[in-house]
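Down below is the structure, laid out as structure tokens.
Throughout, read-outs are computed from the coordinates displayed, never taken from laboratory work. It should be emphasised that the depicted structure is a prediction, and the values quoted were computed from it without experimental measurement. Note that we place each Cβ from the backbone using ideal geometry, even for glycine, and neighbour counts take in every protein chain shown.
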Amino acid sequence: MEQTLKIYFTSDVHGYFYPTTYGDLKRKDLGLFSFARDFKKDENTLVIDGGDILQGSAFAYYCRQKSGSPQAIVDIMNDCGYDYYTLGNHDFNYGMDYQNAYIEAHHGACVCQNVVDEAGRACHPYVIHTLGNGLRVGIVGIVTDYVNVWERKENLAGICITDPFEAAKEALLHLKKEVDITLCIYHGGFECDLKTGERLQKTTENVGYRICKELDFDNMRLMAQTVEEALVVQLPGQAQTLAQNLAKFNEQLTALDDSYKKGLSSCQGREVVHIGHLAFGRLAQKYGFTLTALAGTSHDGEHSVRRLAGVVDLIKHHHIQTIFTEETLSPRLAQTVAAETGAQILPLYTVESISKQDFDNHITYIDLMKRNLDNLQRGLKCQA
């Protein structure tokens with residue numbers, strides 16, 4: 001008998017279930033409900049989510065801030081028939097009580113091997129699922145350990161995020177002996193160019209490329225933190241409108257590029273120290289400033305202390321008067337560096353998330369990038 005496995009996979013839903021962006025009353029071709037009705041489940045089918053479900057949309061914000069419960073979200077996930085899911089970095093944004101309430105009410109099983117308790121035990125270990133046709137499927141979930149860097153300490157009470165590669169590797173060693181197929185759900189990104197293999201970053205924020213190269217999972221689904229539109233369904237009938245919108249947006253990008261070239265051409269400083277995601281490397285290269293990223297140093301340990309000390313020495317040596325950080329991150333690390341060096345702190349926006357106030361005011365990507373330019377000009381003392 002032929003043994004087959006069908007998988008329906010989603011990721012980065014960010015609370016967008018309904019066909020709306022909440023910016024107007026028009027129905028949009030997006031949201032989980034747009035295609036979840038097409039899930040055709042049987043005993044040889046799995047429905048899996050890759051994380052980042054609890055935070056993002058106005059609906060998700062309402063569930064947290066107004067009702068204080070993820071029950072409406074978990075009811076949707078249960079009705080859609082999800083069997084397994086891992087946790088994304090934004091699923092920790094509202095703290096462990098909120099996350100645990102979601103997990104406890106979910107009919108599916110959470111798999112996130114590198115979330116461990118204070119005793120070092122996996123809170124959501126791998127599972128083995130036997131299909132109706134007898135096929136045994138081993139499922140491992142992992143999330144980037146930069147959750148430890150980005151998230152507020154109080155939101156990670158009682159747990160820690162360990163090295164995702166090592167957690168996946170260890171789980172795979174056990175699973176290979178017991179199952180026919182192994183699946184890894186990784187909520188993270190690629191650290192190397194997929195065509196050339198060239199390494200794009202030096203930290204361990206993203207390890208997707210290494211997992212694919214070195215670990216022998218049978219099926220690998222990687223969720224890059226930059227892909228937020230995974231659930232958008234484009235209708236052919238909207239092609240003309242989409243083309244017009246694209247042309248308009250390209251004009252705005254060209255104007256923005258010109259503003260950056262002009263605005264950063266005459267600056268007293270060319271050294272940028274940034275605390276947060278490694279999101280501005282290409283920006284630095286394109287507009288001619290040097291970027292030192294202090295990311296991944298909130299873990300306790302000798303390497304972290306040395307790295308922090310090195311950045312402090314760099315700031316003092318070059319008389320850098322401004323350090324940049326992300327507005328959504330815990331300010332502790334930036335405040336520590338500022339206290340040691342006397343530097344001021346200015347925000348840079350990665351456009352990964354947006355405040356409720358900016359959302360309500362219809363702030364766009366272009367608007368946020370203009371804010372970044374303004375702050376870079378202030379911090380680098382650029383001539384107008």
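Hydropathy at least -1.0 by Kyte-Doolittle, axial extent at least 18 angstrom from the Cα trace: which helices of the chain, defined as entire DSSP H runs, fit?
Working: long enough: 239-263 (35 Å, -0.74); 302-317 (22 Å, -0.06); 365-380 (22 Å, -0.66).
Once both thresholds are applied, what remains is 239-263, 302-317, 365-380.
Stretch Phe33-Thr21 to full length: gain in nm at 0.36 nm per residue minus the Cα-Cα span? Kindly include the intermediate steps, with their values, before the conclusion.
Numbers: separation 12, 0.36 × 12 = 4.32 nm, distance 1.32 nm.
Extending this stretch completely gives an extra 3.0 nm.
May I ask you to order 250-256, 72-78 by the average number of other C-beta atoms within 10 Å around their residues, highest value first?
Numbers: 250-256: 11.7, 72-78: 18.0.
By packing density, highest mean first, the sequence is 72-78, 250-256.
Quick one: dipole size for segment 1-152, taken about the Cα centre, charges +1 on Lys/Arg Cβ and -1 on Asp/Glu Cβ, in debye to the nearest 20.
Details: 12 positive and 19 negative charges, 74 e Å.
Taking the Cα centre of segment 1-152 as origin, the dipole is about 360 debye.
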Reduced Cα scattering model of segment 83-209, Debye log10 I(q)/I(0), q = 0.10, 0.14, 0.18 Å⁻¹: -0.34, -0.65, -1.00
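Hey, what did the chain get for relative contact order, percent, Cα under 8 Å, at least 6 apart? Don't jump to the answer; show the numbers that get you there.
Details: 668 pairs, mean separation 48.3, N = 384.
Worked out over the chain, it gives 13 percent.
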For Cys192, residues with placed amide H under 5 Å, excluding near neighbours: Leu200, Tyr209
Rg/Rh for segment 5-65 to two decimals, with Rh computed the Kirkwood way over all alpha-carbon pairs. 1.04
Sequence-distant or interchain residues sharing an amide H contact under 5 Å with Val127, placed H: which? Ile139
Would you please state the base-10 log of I(q)/I(0) at q = 0.15 1/Å for segment 1-141, with intensities from the Debye formula using one equal scatterer on every alpha carbon? -0.78
Let me know the Rg and Dmax you get for the chain when you use only its Cα atoms, in Å. 22.2, 73
Highest mean packing first, using Cβ neighbours within 10 angstrom, the peptides 152-163, 109-120, 80-91 sort as 80-91, 109-120, 152-163
Find the cysteines in the chain that fail to meet the 4.7 Å Cβ criterion with every other cysteine, and list them. Cys63, Cys80, Cys110, Cys112, Cys123, Cys160, Cys184, Cys192, Cys212
Between Asn245 and Ala72, what is the spin-label point distance in nm, taking each point 7 Å from the Cα along the Cα→C-beta axis? 2.4 nm
